[in-house]
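Written below as structure tokens is the structure these notes are about.
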Amino acid sequence: MDHIAHLARLALTEAEAGDCVTKLSRILDMVDQLQRVDTAGVEPMAHPLPMVQRLRADKVTEQDHRDEYQRNAPRAEQGLYLVPRVIE
Amino acid sequence: METGDIAALARALRKREVSSRELTEATLQRIERLDPVLNAFITVTAGQALAAADAADRRLARGEATALTGIPIAHKDIFCTRGVLTTCGSKMLANFVAPYDAAIVERLAAAGVVSVGKTNMDEFAMGSSNETSFFGPVRNPWDPERSPGGSSGGSAAVVAAGLVPAATGTDTGGSIRQPAALAGITGFKPSYGRCSRYGMIAFASSLDQAGILARSAADAALLITAMAGFDPRDSTSVDAPVPDYVAALDRPLAGRRIGVPPQFFDAGLDPQCAARVREALQVFAGLGAEIVEVALPNLALSVPTYYIVAPAEASSNLARFDGVRFGHRSTAAGSLEELYKRSRQEGFGAEVKRRIMTGTYVLSAGYYDAYYLQAQKARQLIAGDLRRAFESVDVIAGPTTPTPAFRLGEKTEDPVQMYLNDIYTIAVNLAGVPGISIPCGFAGHLPVGLQLIGPAFDEATVLNVAHQYQLATDWHRRRPPQPAAARGAR
């Protein structure tokens with residue numbers, strides 16, 4: 001549980017982790033039904049549409065919205081997003 | 001003022017019997033009176049709505065109106081709306097003001113539709129009862145002790161209560177059709193790829209699709225015509241012409257083949273719901289349609305398949321919420337990693353965390369083949385069942401949900417009980433085909449939904465069959481009992 005929570009970058013309190021263990025076990029028991037299904041030779045389906053990525057001309061199409069977008073940032077200064085110190 | 005029948009409202013607007021400002025003011029008054037009970041709106045945008053109504057009235061005066069100009073609607077709070085709070089039902093985005101409009105918001109605004117606000121929803125659209133919303137549950141207008149379903153529960157409640165004639169929604173596993181069924185209205189999900197996902201906050205990108213909740217299939221056809229179409233900003237938007245859905249409504253049912261899968265009538269289906277759906281099939285037969293049995297042998301795999309695929313995609317999509325660029329940020333973090341972890345811990349609710357954990361687990365090293373790859377193969381089997389069925393029938397009919405509206409709090413303790421609510425709706429998303437839920441009667445005082453499913457990109461047939469049913473029945477015209485104070489205004 002700790003490993004999965006770390007991969008998901010999710011802190012869990014002890015109570016949350018306990019609840020998560022119980023409920024995730026219920027969910028995994030339910031999805032385990034699939035283990036009994038014979039899927040030999042079945043092509044995996046990732047997506048409903050048989051499509052490939054469209055390509056576009058290599059031209060600048062986006063305008064600069066930095067200041068507008070940074071109005072939603074919890075902390076930004078001089079066009080930069082601020083985070084706790086990473087390099088000592 | 002009556003809110004149903006958008007075509008009639010549009011005619012009244014064009015004849016200048018009523019102005020969009022009058023309609024919008026009446027709508028805002030109804031919201032003020034009724035929403036304190038329903039809790040169906042997260043944000044009401046009165047000022048912007050009245051400005052848009054005035055612009056619509058000027059357009060009507062110039063004779064440049066579309067079939068939707070001046071009609072008030074509401075948007076699910078999953079769609080970005082420029083300059084307006086867009087929360088997705090989450091504490092994570094409780095302060096997020098969208099810097100741009102979602103594609104369908106843009107298209108509807110261009111048609112002259114007036115948005116009055118943003119509707120409540122399950123957090124990040126993860127839920128079937130609207131109880132996972134950070135802003136509290138929505139109440140079902142038919143019975144305030146019960147859920148209106150989810151995740152588009154707010155949109156379902158505002159239409160059912162007559163606040164607006166239609167509201168947008170999204171459907172990843174049933175999130176339009178299930179609340180439409182539980183709230184006694186019409187809910188339509190087009191084919192995957194038909195409506196642009198640009199500006200629609202992503203949950204599970206191979207399943208998410210925008211659609212509409214309205215009072216009738218005819219109203220849904222009008223709105224979907226304005227919402228659908230190619231958009232290069234969505235990499236999975238389909239570049240195909242949009243048929244005239246309104247023109248297709250009138251075709252008689254004679255000769256249509258309607259398939260009924262016995263798997264839709266299993267032991268989990270409430271007997272009253274089963275009876276209402278069978279009565280609806282009799283109506284179709286009476287209108288000249290041929291009712292035939294079709295098999296969907298892999299239907300039972302759809303819930304386990306979905307609860308691998310959708311959380312896997314969600315765990316990846318929701319990685320963007322890191323407390324750095326937008327959204328909630330923890331003030332208790334000393335390091336960058338702690339900032340990510342605590343911001344996500346504080347910003348996400350329990351169900352969203354569960355889905356992120358499930359998705360991370362099934363994608364993690366050593367489990368990918370057993371879970372995710374196996375689910376993708378099961379998805380192929382389920383989609384194959386539908387493809388085969390549509391070789392011999394025009395649409396598939398069955399119940400939308402196993403039971404009518406359940407009580408708030410009834411299923412919150414057991415996630416699997418909640419997930420099983422989507423047993424009849426999920427296959428449609430896994431296959432990417434269109435589906436609609438329309439009212440087909442009552443179980444006691446609660447509405448029952450009939451689901452119609454069509455082949456990929458044949459929305460026109462689904463809407464046509466639903467409309468022909470609604471011409472022959474009046475279940476879609478039934479209204480919930482309104483609070484005494486509201487009656488005078490109707």
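The values are calculated or read from the model by the stated rules, or taken from the named source; none is laboratory data. What you see is a predicted model, and the numbers here were worked out from it, not measured in a lab. Cβ sites come from the backbone with ideal geometry, for glycine too, and all protein chains shown count toward neighbours.
For the range B:317-325, check the following and say yes or no: at least one residue is in a helix (DSSP H, G or I) and of a type in the set (D, E, K, R).
Within the range B:317-325 (the criterion being in a helix (DSSP H, G or I) and of a type in the set (D, E, K, R)), the answer is yes, since at least one residue qualifies.
Answer yes or no: is there a residue in the range B:38-45 that is in a helix (DSSP H, G or I) and within 22 Å of B:Gly127 (Cα to Cα).
Yes, the range B:38-45 has at least one match.
Please verify whether the range B:256-268 includes one or more residues that are on the phi > 0 side of the Ramachandran plot and either basic (Lys, Arg) or at pLDDT 95 or above (or both).
For the range B:256-268, residues on the phi > 0 side of the Ramachandran plot and either basic (Lys, Arg) or at pLDDT 95 or above (or both): absent.
Tally up the residues in the range B:284-305 that are away from every other protein chain (no Cβ under 14 Å) and of a type in the set (A, V, I, L, M, F, W, C), please.
9
Give me the pairs: first residue in the range A:69-88 and more than 7 Å from chain B (Cβ to nearest Cβ), second residue of a type in the set (A, V, I, L, M, F, W, C) and assigned to a strand (DSSP E or B), beta-carbon distance under 6 Å, and six or more apart or on different chains, which are they?
Short answer, once both residue conditions are applied: A:Gln70/A:Ala76.
Return yes when B:Gln468 is out of contact with any helix residue (DSSP H, G or I) (no Cβ under 7 Å at 6 or more places or on another chain), away from chain A (no Cβ under 14 Å) and assigned to a helix (DSSP H, G or I) and no when it is not.
So B:Gln468 passes the test.
Cβ contacts < 7 Å: first residue at the interface with chain B (Cβ under 7 Å from one of its Cβ atoms) and more than 14 Å from B:Glu338 (Cβ to Cβ), restricted to the range A:2-21; second residue among the small types (Gly, Ala, Ser) and surrounded by fewer than 17 Cβ atoms within 10 Å (Cβ to Cβ), any location; separation 6+ or different chain. Result?
A:Ile4/B:Ser364; A:Leu7/B:Ser364
Kindly indicate which of B:Leu408, B:Leu336 is of a type in the set (A, V, I, L, M), surrounded by fewer than 24 Cβ atoms within 10 Å (Cβ to Cβ), at the interface with chain A (Cβ under 7 Å from one of its Cβ atoms) and touching a Lys or Arg at 6+ places or on another chain (Cβ under 9 Å).
Of the residues listed, the single one that is of a type in the set (A, V, I, L, M), surrounded by fewer than 24 Cβ atoms within 10 Å (Cβ to Cβ), at the interface with chain A (Cβ under 7 Å from one of its Cβ atoms) and touching a Lys or Arg at 6+ places or on another chain (Cβ under 9 Å) is B:Leu336.
Quickly run through the range B:306-327 and pick out the residues that are facing another protein chain (nearest Cβ under 8 Å) and of a type outside the set (Asp, Glu).
Residues satisfying the conditions are B:Tyr307, B:Ile308, B:Ser315, B:Ala319, B:Gly323, B:Val324, B:Arg325, B:Phe326, B:Gly327.
I'd like the residue in the range B:227-242 that is of a type in the set (A, V, I, L, M, F, W, C), more than 10 Å from chain A (Cβ to nearest Cβ) and in a loop (DSSP other than H, G, I, E, B) and, out of all such residues, is nearest to the chain's Cα centre (by Cα).
Within the range B:227-242, the match that is nearest to the chain's Cα centre (by Cα) is B:Ala228.
Could you grab me the full set of residues in the range A:39-59 that are more than 7 Å from chain B (Cβ to nearest Cβ) and either acidic (Asp, Glu) or touching a residue at least 12 places away in the same chain (Cβ under 8 Å) (or both)?
Listed by number, the list holds a single entry, A:Asp58.
Quick check, is B:Gly47 touching a Lys or Arg at 6+ places or on another chain (Cβ under 9 Å), surrounded by fewer than 24 Cβ atoms within 10 Å (Cβ to Cβ), farther than 22 Å from B:Lys189 by Cα and without any contact (Cβ under 8 Å) to a residue 12 or more places away in the chain?
no
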